[in-house]
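**Q** First the structure, then my questions, so here it is.
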Amino acid sequence: MSGPHGYTIKHLAVDLRLAVAEHIADATLAAGRQAALLPLTVVVLDAGGHVVVQKREDGSGILRAEIARGKAHGALGMGIGSRIIRDRLKDRPAFQSAIAAASDGRFIPVPGGVLICREDGAVIGAVGVSGDASDKDEYAAIAGVRAAGLLPHPETPVENWRDAGL
């Protein structure tokens with residue numbers, strides 16, 4: 001595309017379009033409302049870790065955006081959902097601390113960070129949710145990814161997500 005000064009502007013390839021990220025965020029919040037969760041904050045990142053969409057429901061705490069982003073960022077950085085990160089690293093606190101330091105603190109290894117995958121399994125982004133118990137946050141994130149016709153990782157929430165407490 002030629003600009004007003006005659007030079008060409010090259011556009012970046014986009015795997016996670018804004019409209020899809022908005023659909024994920026809106027469907028995540030809708031799943032939270034339907035399940036009567038506490039007010040949620042949702043952050044959708046592209047595969048490069050950049051924020052595409054961030055939404056905070058009325059009443060959601062002021063740190064929830066950073067927490068949601070940290071869940072999504074950790075999932076992208078490790079290539080697995082944040083619940084699986086928690087489970088794999090629960091007996092490795094030194095490694096968890098090292099990852100947190102390496103990511104400038106953008107690593108929150110608790111459920112609520114879900115990878116967004118295409119049908120072929122390629123990761124095109126991640127969604128992070130914060131506001132209720134972590135297992136409930138993860139439920140809403142998984143529902144949001146599925147509602148957009150994409151594949152979440154992990155694929156399903158824990159069986160007893162409704163019973164999770166803060």
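The values are calculated or read from the model by the stated rules, or taken from the named source; none is laboratory data. Bear in mind the structure is a predicted one, so any value in this text is a computation, not a measurement. Don't worry about glycine lacking a Cβ; one is built from the backbone with ideal geometry, like all the others, and counts go over all protein chains shown. Heads up: the accessible areas ignore ligands, DNA and RNA and are worked out on the full protein's heavy atoms, side chains in. Shrake-Rupley method; radii C 1.70, N 1.55, O 1.52, S 1.80 Å.
**Q** Rank these by accessible area, largest first, 1.4 Å probe: 90, 55, 71.
**A** 90, 55, 71
**Q** Starting at the first residue of segment 112-120, write each ³J(HN,Hα) from the Karplus equation 6.51 cos²θ - 1.76 cosθ + 1.60 with θ = phi - 60°, in whole Hz, x for Gly and Pro.
**A** Along segment 112-120, the couplings run x, x, 10, 6, 10, 10, 6, 4, 7 Hz.
**Q** Let me ask something additional. Which entry in [x] -0.63; [y] -0.72; [z] -0.56 is this structure's computed log10 I(q)/I(0) by the Debye sum over Cα atoms at q = 0.13 Å⁻¹?
**A** Of the labelled values, this structure produces [z].
**Q** Whenever you get a sec, line up 62, 67 from highest to lowest accessible area (probe 1.4 Å, protein heavy atoms). Write down the numbers at each step before the final one.
**A** Working: 62 150, 67 50 Å².
Largest accessible area first, the residues go 62, 67.
**Q** Give me the accessible area per residue for segment 21-166, probe 1.4 Å, as a whole number in Å².
**A** Accessible area per residue, segment 21-166: 47 Å².
**Q** Continuing with the same structure: Pop out the ³J(HN,Hα) list for segment 87-96 in order, Karplus 6.51 cos²θ - 1.76 cosθ + 1.60 with θ = phi - 60°, rounded to Hz; leave Gly and Pro as x.
**A** Per-residue couplings from phi come out as 5, 6, 9, 4, 9, 10, x, 5, 5, 4 Hz.
**Q** Here's another thing I want to ask about it. Treating the beta-carbon of each Lys and Arg as +1 and of each Asp and Glu as -1, no other charges, what is the dipole magnitude of the chain about its Cα centre, to the nearest 20 debye? Mind dumping the intermediate values first?
**A** Numbers: 18 positive and 19 negative charges, 54 e Å.
In debye, rounded to 20, the chain gives about 260.
**Q** How would you classify segment 92-166 from its alpha-carbon gyration tensor, with a ≥ b ≥ c the square roots of the eigenvalues: rounded for a/c under 1.5, else prolate if a/b is greater than b/c, otherwise oblate? Don't jump to the answer; show the numbers that get you there.
**A** Details: a/c = 2.27, a/b = 1.23, b/c = 1.85.
Oblate.
**Q** For segment 70-114, what does the alpha-carbon gyration tensor say about shape, rounded, prolate or oblate, given a ≥ b ≥ c as the root eigenvalues, a/c under 1.5 as rounded, and a/b over b/c as prolate?
**A** Values: a/c = 1.94, a/b = 1.11, b/c = 1.75.
Oblate, because a/c is 1.5 or more while a/b does not exceed b/c.
**Q** Continuing with the same structure: Non-local amide H neighbours of residue 52 (under 5 Å, H modeled in plane, Pro and chain starts lacking H): which ones?
**A** 44, 45, 46
**Q** Run the reach check for residue 71 against lysines, Cα to Cα strictly under 21 Å, same-chain hits fewer than 8 apart removed. What comes back?
**A** Straight-distance partners of residue 71: 55, 90, 136.
**Q** Also: Considering the dipole of the chain built from charges on the beta carbon (Lys and Arg +1, Asp and Glu -1) around the Cα centre, which of 70, 94, 108 is farthest to its positive end?
**A** Looking along the dipole axis, the top candidate is 94.
**Q** For n ≥ 4 DSSP H runs only, could you compute -39500 (n - 2.57) per run for the chain, divide by its residues and tell me the 222 nm figure to the nearest 500?
**A** Using -39500 (n - 2.57) per qualifying helix, the result is -12000 deg cm²/dmol.
**Q** If amide H atoms are built 1.01 Å from N in the plane of the peptide, which residues on other chains or at least 5 residues away come under 5 Å of the amide H of residue 124?
**A** Amide H to amide H, under 5 Å and 5 or more residues apart or across chains, residue 124 pairs with 116, 117, 118.
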